[in-house]
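The values are calculated or read from the model by the stated rules, or taken from the named source; none is laboratory data. Model, not experiment: these values are computed from the prediction. Side chains are part of the model used for accessible areas, which takes the heavy atoms of the whole protein and leaves out ligands, DNA and RNA. Shrake-Rupley method; radii C 1.70, N 1.55, O 1.52, S 1.80 Å.
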Amino acid sequence: MPFPVIDLLLTGRNIQLLREQRGLTVRQLQQLLGFATPQAIYKWQHGDTLPSIDNLVALSAILGVSIDAILITKAICSCKTL
């Protein structure tokens, strides 16, 4: 049976696209999230890491989309061969 997993690379690209559609720079998003540096945002956008749950909630509010609209998933088969 297939189950969804988050695609880090596509989710990162999606975060960048949504940010750009809102007309926000990385620095502006950094300030809105209260981060001291922009490194976390760059890591998200490059698919190195995912935002924490609390940052996903904040991102969805800032970007004006649902959390589901931020995360990109793909189906993985958990089938075992006998």
Average accessible area per residue (Å²) across the chain - probe 1.4 Å, nucleic acids and ligands excluded: 65 Å²
Under 5 Å, built H, 5+ apart or other chain: amide partners of THR73: ASP7
Between helix 8-21 and the chain: long-axis angle, C-alpha atoms, 0 to 90°, nearest 10: 30 degrees
Segment THR37-LEU17, length gained on full extension (0.36 nm per residue, minus Cα span): 5.2 nm
Carbon + sulfur, % of accessible area of the chain - ligands and nucleic acids excluded, 1.4 Å: 59 percent
Listed values (i) 36; (ii) 56; (iii) 41, entry calculated as percent of Cα pairs over 18 Å apart: (iii)
